[in-house]
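Report on one structure; see the data block that follows.
All of the numbers you see were taken from the coordinates with simple rules; none came from a lab. Here the structure is a predicted model, which is why all the values come from computation and not from measurement. Neighbour counts are summed over all protein chains in view; Cβ atoms, including those assigned to glycine, are modelled from backbone coordinates with ideal geometry.
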Amino acid sequence: MNVAAVDQASRLAKFEKKQARVGVIGLGYVGLPLALLYSRKGFSTTGFDTDPTKIEKIEAGQTYIRHIPSELIGAERAQNRFQATTEFRLLQEMDALIVCVPTPLDEHREPDLSFVRNTAETVSQHLKPGQLVVLESTTYPGTTDELLLPILERSGLHSPVMSYTTDGAAVTSPDPSGVDFLLAFSPEREDPGNKSFQTHQIPKVVGGVNGPSAQAAFTLYSQVFERAILVSSSRAAEMTKLLENIYRCVNIALVNELKVLCMRMGIDIWEVIEAAKTKPFGFTPFYPGPGLGGHCIPIDPFYLTWKAREYEFPTRFIELAGEINSAMPEHVVSTLAEALNQRRQCLKDQRILVLGIAYKKDIDDLRESPSLRIIELLSQRGAEVDYHDPYFPQLHKMRHYNYQHMSSVELSAENLGQYAAVIIATDHSSYDYSFIIRHARLVIDTRNATRNVKQDNEKIVRC
Ligand SMILES: NC(=O)c1ccc[n+]([C@@H]2O[C@H](COP(=O)([O-])OP(=O)(O)OC[C@H]3O[C@@H](n4cnc5c(N)ncnc54)[C@H](O)[C@@H]3O)[C@@H](O)[C@H]2O)c1
């Protein structure tokens, strides 16, 4: 039985009437808000995760992601539209499955697709004719049709790769012959903590492995997102996400490099960016910092670098940007050492306080945070390091770092004065920068967080 037999038209109608059951696999920073969105828009939604603690929390109406309130989960649970489970056999009851599992790098900084592969194997055991599967995890072009598709086809069902054309919202001549299930890619563009855009307001790019798949995925996403954009293949959709993140990575590297040069030349890079951004066209501001953090920008570009090797193509911009950005924590520590030197002090045995462990302001995510590397570098140079972060009362064991013994110190006047220097690594909005500068002996500001503080400027080094 193929999709033609189960009737694409009735499937699309089911999506449009919100009668389809939607399963979201992987309930992390991306999957949980997405599942809640489908539920809020009226779809019967089931979240699947291998982590039972997350399922227990959801079932109890509790959140585990700071910017997603428990009330939101509770409200959807109360409507009986949202449930969460570790029972993967329930996958077969879904009309659409959206995959939001991690795509990290392995220890050789190569793509680790084990989560995607494991999920695909599980889905293939439960796949039913006519089901739509959409991958949202960020990955290199080709993952959906080269890796996911063959695993799903072990089910005995098929979805042959076929080209199709798009005309605005329409997929022209979708050929349903031989298509048993539907497979598409739609990149996740979630920006945790960004209050300007809610999930449904961020346009959704969609590409299928064939016309019917593209059409089905486009129709489903159009029900919950303000705008869906069709592209001509799953590969184009995969590449779109990488272009967006590589664009950020390269531009941040450019401005980080110029920051280091500006410091030598005695020019304030922040002032320069403010002036440059008054140009009404042709310039988008990016800001320097202590290095890249988060699950996306430091990692995703290297998915493309890896894939490009197959085509004997060196991705020089990506490599160079990676080199510059990953040198930033060293730059911060060197700037601190130099500032102490000016005060006839050396870094060894000094007490240093790092403010902010999250990789960016106002969020509870420390993945790839440059603060972790800064702490490591400071410790290697013999400093005694403490940290403060309102979002992380305690640190835990991580893949590359073991800071289990560390907990956030109190940010009192007395405490601040005990450190030889305070490094502002993350510019959380809750920090009182005037207070910090008043009581600290030396402040290394990596985020221009102290720009509005008028007093004690001789204590501040911006880098
Ligand atoms: N976090 C972001 O801001 C962001 C933004 C855009 C894109 N992305 C991409 O989205 C994807 C997911 O990222 P995230 O930040 O949500 O990750 P996350 O680590 O927060 O969540 C992933 C979830 O998947 C679960 N999981 C792992 N293996 C599973 C399996 N086999 N079956 C079911 N569940 C499984 C984990 O338990 C976890 O709850 C990644 O590819 C990431 O690059 C993330």
### Size of electric dipole in segment 106-214: Cβ of Lys, Arg +1 and of Asp, Glu -1, about Cα centre, debye, nearest 20
320
### Query
Say R0 is 41 Å: what FRET efficiency, to the nearest 0.05, do residue 316 and residue 71 get from their beta-carbon distance?
0.25
### Task
State the extension gain, in nm to one decimal, for the chain segment bounded by residue 452 and residue 398, taking 0.36 nm per residue of separation less the distance between their alpha-carbons.
15.9 nm
### Task
Taking the chain as the reference, fit the longest principal axis to its C-alpha atoms, fit the long axis of helix 114-126 to the helix C-alpha atoms, and give the angle between the two in degrees, 0 to 90, nearest 10.
20
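Please compute the Kirkwood hydrodynamic radius of the chain from all pairs of different C-alpha atoms, in Å with one decimal. Each step should come with its number before you reach the end.
Details: mean 1/r = 0.0417 Å⁻¹.
Here the Kirkwood hydrodynamic radius works out to 24.0 Å.
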### Query
From largest to smallest, what semi-axes in whole angstrom does segment 223-266 give when each is the square root of 5 times an eigenvalue of its alpha carbon gyration tensor?
37, 12, 5
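With the alpha-carbon atoms as the only input, what is the per residue convex hull volume for segment 256-295 in Å³?
Working: hull volume 3.5 nm³, N = 40.
Each residue corresponds to 86 Å³ of Cα convex hull volume.
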### Query
By how many nm would the segment from residue 51 to residue 380 lengthen if fully extended, with 0.36 nm per residue of separation less the alpha-carbon distance?
114.9 nm
### Task
Any chance you could give the angle, 0 to 90 degrees and rounded to 10, that helix 300-309 forms with the longest Cα principal axis of the chain?
70
### Summary
In whole angstrom, the spacing between the Cα centers of segment 87-130 and segment 341-367 equals 38
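What is the calculated FRET efficiency for residue 409 to residue 19, with r their C-beta to C-beta distance and R₀ = 45 Å, to the nearest 0.05?
0.25
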### Query
Using a Cα distance threshold of under 25 Å, what count of lysine pairs results for segment 3-232 when pairs must be 8 or more residues apart or interchain?
17
### Query
Tell me which aspartates and glutamates have Cα within less than 20 Å of residue 279's Cα, excluding those fewer than 8 residues away on the same chain?
268, 271
### Cα-centred dipole magnitude for the chain, charges only on beta-carbon of K, R (+1) and D, E (-1), debye, nearest 20
800
### Query
Considering every Cα-Cα pair within segment 310-385, what fraction, in whole percent, is farther apart than 18 Å?
52
#### Entry: Relative contact order (%) - the chain, alpha-carbon pairs under 8 angstrom, separation at least six
11
### Query
Charges only on Cβ, +1 for Lys and Arg, -1 for Asp and Glu: so what's the dipole of segment 257-462 about the Cα centre, in debye to the nearest 20?
320
### Task
Take peptides 192-203, 238-249, 292-303 and line them up by average Cβ neighbours within 10 Å, highest first, as a rough protection proxy.
292-303, 238-249, 192-203
### Message
Given bins 10 angstrom wide, list per bin the percent of all Cα-Cα distances in segment 257-462, short to long.
### Response
8, 32, 36, 18, 5, 1
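Could you compute the net charge surrounding residue 67? Neighbours are other residues with a C-beta less than 11 Å from the C-beta of residue 67; K and R count +1, D and E count -1.
Its environment carries a net charge of -3.
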### Query
Roughly what percent of Cα-Cα pairs across segment 83-217 reach past 18 Å?
57
### Message
Can you compute the label reach from residue 264? Point 7 Å from Cα along the Cβ direction, backbone N cut-off under 17 Å, restricted to segment 420-463.
### Response
463
## Note on the structure
Once the in-chain neighbours fewer than 8 apart are removed, the aspartates and glutamates whose Cα is under 14 Å from residue 454 read 432
### Summary
Rounded to one decimal in nm, the spacing of the 7 Å Cα→Cβ label points at residue 172 and residue 226 is 3.0
## Note on the structure
Using alpha-carbon coordinates alone, the radius of gyration and Dmax of segment 185-272 in Å work out to 18.3, 59
